[in-house]
Every structure is written in structure tokens, then in C-alpha cells.
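Below is one structure, written out as C-alpha cells; comments come after it.
Every read-out reported here was derived from the displayed coordinates using simple, explicitly stated rules and does not represent laboratory data. Quick caveat: nothing in here was measured; it's all calculated off a predicted structure. When we count neighbours, we look across all protein chains shown, and the Cβ atoms used for this are built from the backbone with ideal geometry, even at glycine.
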Amino acid sequence: MSDKEEMASDGSLNVTLTLRLLMHGKEVGSIIGKKGETVKKMREESGARINISEGSSPERIVTITGPTEGIFRAFSMIAQKFEEDITAAMTNSNVTSKPPVTLRLVFPGSQCGSLIGKGGSKIKEIRETTGAQVQVAGDMLPDSTERAVTISGTPQAITQCVRHICSVMLESPPKGATIPYRPKAIPAGAHAVLAPQHSAQAFAIPGQYAFAHQDDWMHLPPQVHKSWQYLMILLAA
């Protein structure tokens with residue numbers, strides 16, 4: 001995970017990291033901005049490289065590379081942008097409670113045990129310390145050895161949470177070869193699965209995800225709830 005390690009001027013360990021996020025197309029559009037102005041600003045102000053995968057897939061991989069502080073600044077700016085999107089969307093919706101900002105990171109499955117910790121101790125500690133919700137997907141992403149880690153909360157809590165996660169991942173490098181997740185385009189004629197409208201956890205906010213309540217999963221075909229990332233998509237028109 002780290003390409004370079006050196007001591008920063010304040011005596012702390014300065015590491016160059018590469019982190020991968022899994023985003024829906026509307027989320028990607030939000031951080032790119034009009035004529036690429038938003039992502040250009042994020043790159044300049046954070047000092048991190050932000051690259052977005054090409055393709056017609058409804059999901060894209062956003063790769064962020066740079067020194068630790070640059071990475072955290074980039075995450076803070078992305079989370080803040082999504083927070084602004086939620087606030088703007090709420091002015092034209094019937095949503096009464098403000099949904100949290102949600103980001104999905106992608107990590108080698110071999111590292112996720114360390115993030116969870118013995119009996120869930122580490123992930124519980126991170127939740128309590130940062131105030132963010134952290135969930136590690138039980139299954140590997142399709143055709144890969146990577147798993148998704150979903151973080152929800154305020155922009156501040158998310159950035160703090162990413163700091164803790166990076167610390168854990170640096171202490172526990174991946175084991176063996178990693179097969180990276182590559183989003184695939186939806187085949188012609190296929191449809192995205194919508195979270196049932198009666199789900200208590202569903203909400204329609206552009207760029208954010210609505211997951212079906214666990215009780216609703218049982219009514220979906222087995223091939224759907226096997227891969228949780230297809231269990232999302234409530235997008236505002």
C-alpha cells in the first residue's frame with residue numbers, strides 16, 4: 001500500500017498511499033464538476049493525484065494517490081462536496097432527516113480481517129473514536145480479491161475514519177497477489193435493482209445510495225443479494 005516512507009518535518013511518518021473508491025456515475029459527475037473544474041481544484045488544493053476509471057459502467061473506480069496529508073485533504077474535499085449535494089437535494093425533496101455522507105473504499109480482502117479485529121474489536125474502536133459508521137462487505141467484489149468498506153457520517157467523521165483505516169492497513173500489508181475489482185457495464189436489456197420504496201432505510205438523494213432493508217432482501221433473486229452492490233440504486237430523476 002505504501003510506495004515510499006520518510007520522516008516528515010514534524011517527526012511523524014510520511015507515507016505515499018494509493019486508495020481506491022467505488023463510486024456511482026452521478027457521484028463521479030459531482031466531483032468532476034463542470035468542465036472538470038471541481039476535480040482540478042481538488043487536485044491542486046490537496047496535492048493528491050485523483051484518477052477516474054473510464055468506461056460505460058454505472059460504477060467507476062476513483063484512485064487517489066499522494067502523501068498521507070494530501071490523501072486526507074482529498075477525502076475531506078470529496079466528503080464535503082457530497083455533503084453539499086445532499087443539502088442541495090433536500091431543498092427539493094420530501095426527505096425530513098438528513099442522510100449521512102457515504103463513501104465506499106475498496107481494499108484487498110486479506111487486509112480486512114485486521115480492520116475488523118478480533119471479535120470486531122478494531123472496527124468497533126474506529127466507530128467509537130470517529131463517530132462514523134464502518135461496514136466491511138462479507139463477500140469479495142465480483143471477479144476480484146477485494147472487498148468494499150463503506151463509511152458513513154459527517155465529512156469530519158469520514159476523514160478521521162480514513163486516517164484510522166489507513167493506519168491499520170499500513171500495519172497489515174496485503175498477503176499474496178491482489179486481483180483488483182473492475183466494474184463492468186450493465187448488459188443490454190438488464191435493469192438495476194431498486195430498493196423497495198417501503199424500505200425504512202431508502203432515500204432518494206442524487207449521488208447517494210439507498211439500500212434495501214434486510215427484510216426486503218428475501219424477496220429478491222439469489223443472484224441479486226449475493227452481490228450487495230447491485231442492491232442499491234434509488235436515484236432521483
Two-site label geometry, residue 125 and residue 88: point separation in nm, points 7 Å out along Cα→Cβ: 4.0 nm
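Order by neighbour count: 27, 45, fewest other Cβ atoms within 10 Å first, most last.
45, 27
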Fewest-first ranking of 112, 161, using other Cβ atoms within 10 Å as the exposure measure: 112, 161
Set of lysines with alpha-carbon distance to residue 184 below 25 Å, sequence-local pairs under 8 removed: 26, 226
Amide hydrogen neighbours beyond the local backbone of residue 147, cut-off 5 Å, H modeled: 107, 109, 141
Gain upon complete extension [residue 118, residue 56; 0.36 nm per residue less C-alpha separation]: 18.4 nm
Backbone HN-Hα couplings from phi across the range 157-166 [Karplus 6.51/-1.76/1.60, Hz, Gly and Pro as x]: 5, 5, 4, 4, 5, 4, 4, 5, 4, 4
Charge dipole magnitude, Cβ of K and R +1, D and E -1 - the range 72-187, Cα centre, debye nearest 20: 160 debye
FRET efficiency for residue 34 and residue 175, using Cβ-Cβ distance with R0 set to 45 Å, rounded to 0.05: 0.55
Under 5 Å, built H, 5+ apart or other chain: amide partners of residue 117: 122, 123
Derived scalar couplings ³J(HN,Hα) [the range 112-127; Karplus, 6.51 cos²θ - 1.76 cosθ + 1.60; whole Hz; x for Gly, Pro]: 5, x, 5, 5, 6, x, 5, x, x, 5, 5, 5, 5, 4, 5, 4
